[in-house]
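Okay, so here's the structure we're looking at.
The values are calculated or read from the model by the stated rules, or taken from the named source; none is laboratory data. The structure presented is a predicted model; accordingly, all values stated were derived computationally and were not measured. Counting neighbours? That spans all protein chains shown, and the Cβs are built from the backbone with ideal geometry, glycine included.
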Amino acid sequence: MEAALRVENLSKHFHRRVRKPGLLGALGSLFSSASETVRAVEGVSFTIRRGEKVGLIGENGAGKSTTLKMLTGILVPTGGTLEVLGHVPWKERRRLALNIGVVFGQRPQLLWDIPVRETFRLLRTMYRIPDEVYQYTYTEAVRRLNLEPLLPVPVRQLSLGQRMRCDLAASLLHAPAVAFLDEPTLGLDLSVKEQVREFILSLKERYGTTLLVTTHDLKDITETCDRLLLLDKGRLLFDGSLDAFERRFASERRIIAELRKPLTAAMAARITREVKARGGKVLSSSGHTLVVEYRKKGAAPALTQILLRRLPVADLNLEKPDIETIVTRLYRKASGGEHRP
């Protein structure tokens with residue numbers, strides 16, 4: 001399948017003045033040329049095929065927005081190469097703009113003083129959107145994002161959440177070949193977030209739009225994307241499917257047993273020994289609940305059999321960490337100076 005985005009060894013460095021603390025330091029910086037280099041993105045490479053749905057995640061300062069701005073032509077890379085739909089973004093911004101859609105968090109592209117409906121009509125003319133495409137995208141946006149009450153309202157009178165919904169619709173009215181969505185559900189209620197995700201996926205299904213989504217709400221990733229790119233300190237730590245991400249960074253599983261009567265101390269000690277012999281570990285055994293964790297592949301049947309045979313089990317559940325738990329753990333390790341994966 002043809003590549004929609006091709007990134008090779010991409011880097012972006014910024015230079016900023018070094019200022020010493022205090023008033024004297026501030027005055028001295030006016031006459032000093034001392035500076036330091038900030039490596040926002042360093043040696044990132046990946047390829048995204050047409051029609052893929054990819055999530056780009058990382059902590060604040062990981063390089064997500066900088067990467068997105070280079071892909072859309074807003075920033076010029078310090079090093080490396082990239083192509084979007086066969087174009088070099090910062091050299092061919094006008095040509096590329098007709099085929100991409102961009103949402104940047106709290107930076108709407110809507111015209112501030114005119115009603116939302118008029119902005120949509122203006123964009124229809126600017127992008128030369130065919131009638132068939134516009135009728136579908138406009139109707140879907142109004143229906144799925146509940147925009148009907150907002151259409152006659154000037155943009156400046158909208159709340160953040162209302163502007164976000166309208167801006168998303170405006171960015172996707174022309175059914176772009178590639179959609180870059182930076183925090184597309186920022187400031188939205190839970191129910192509206194679901195509507196936004198449904199709208200994005202409806203365009204993907206109808207027009208084959210390639211999606212690159214950056215967000216701190218990881219449900220945006222799990223609900224709309226099949227592939228994950230993880231950035232840390234400007235470097236790419238992981239590139240693969242969501243399943244592969246879970247297998248690599250979350251090998252542990254838990255068995256949670258709800259008991260008909262509380263465990264005795266003697267029984268808890270016995271279960272702890274038997275579980276350990278089968279490759280598991282009792283995390284807690286208080287009251288009517290017993291939690292067992294294991295990492296060994298294939299250990300679940302043996303551990304489950306022990307619990308069912310030895311204990312008065314009323315209910316049994318097998319759990320694995322969700323993606324939010326895994327990513328939070330990785331961030332904590334990175335910020336604590338522990339070894340990164």
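Before we move on, is Glu92 of a type in the set (Asp, Glu) and touching a residue at least 60 places away in the same chain (Cβ under 8 Å)?
No: the conditions fail for Glu92.
Please go through (1) buried (at least 17 other Cβ atoms within 10 Å of the Cβ); (2) not in a helix (DSSP H, G or I) for Glu258 and return the number of the only condition it doesn't satisfy.
Failed condition: (1).
Inspect the range 154-161 for any residue being part of a strand (DSSP E or B) and touching a helix residue (DSSP H, G or I) at 6+ places or on another chain (Cβ under 7 Å) and give the result as yes or no.
no
Please enumerate the residues belonging to the range 141-178 that are among the acidic types (Asp, Glu) and crowded, with 19+ Cβ neighbours inside 10 Å.
Asp167, the sole residue that qualifies.
Going by the structure shown, is Ile271 within 30 Å of Asp220 (Cα to Cα) and of a type outside the set (Gly, Ala, Ser)?
No; evaluated as a whole, the condition is false for this residue.
If the requirement is being of a type in the set (Val, Ile, Thr) and in a helix (DSSP H, G or I), which of these qualifies: Val196, Val213?
Exactly one residue qualifies, and that residue is Val196.
Looking at the range 319-328, can you tell me whether even one residue there is in a strand (DSSP E or B) and surrounded by fewer than 17 Cβ atoms within 10 Å (Cβ to Cβ)?
yes
Can you find a residue in the range 108-130 that is over 26 Å from Lys64 (Cβ atoms), in the same structural domain as Leu75 (by TED's automatic domain parsing), part of a loop (DSSP other than H, G, I, E, B) and free of Cβ contacts under 8 Å to residues at least 40 places away in the same chain?
Yes, the conditions are met somewhere in the range 108-130.
Can you pull out every residue in the range 38-64 that is more than 16 Å from Leu237 (Cβ to Cβ) and at pLDDT 90 or above?
Start the filter on the range 38-64 by keeping residues that are more than 16 Å from Leu237 (Cβ to Cβ), which leaves 38, 47-53.
Listed by number, the residues that qualify are Thr47, Ile48, Arg49, Arg50, Gly51, Glu52, Lys53.
So which of Arg235, Arg253 is under 30 Å from Glu8 (Cβ atoms) and either in contact with a strand residue (DSSP E or B) (Cβ under 7 Å, 6 or more places away or on another chain) or outside the structural domain of Asn9 (by TED's automatic domain parsing) (or both)?
Of the residues listed, the single one that is under 30 Å from Glu8 (Cβ atoms) and either in contact with a strand residue (DSSP E or B) (Cβ under 7 Å, 6 or more places away or on another chain) or outside the structural domain of Asn9 (by TED's automatic domain parsing) (or both) is Arg235.
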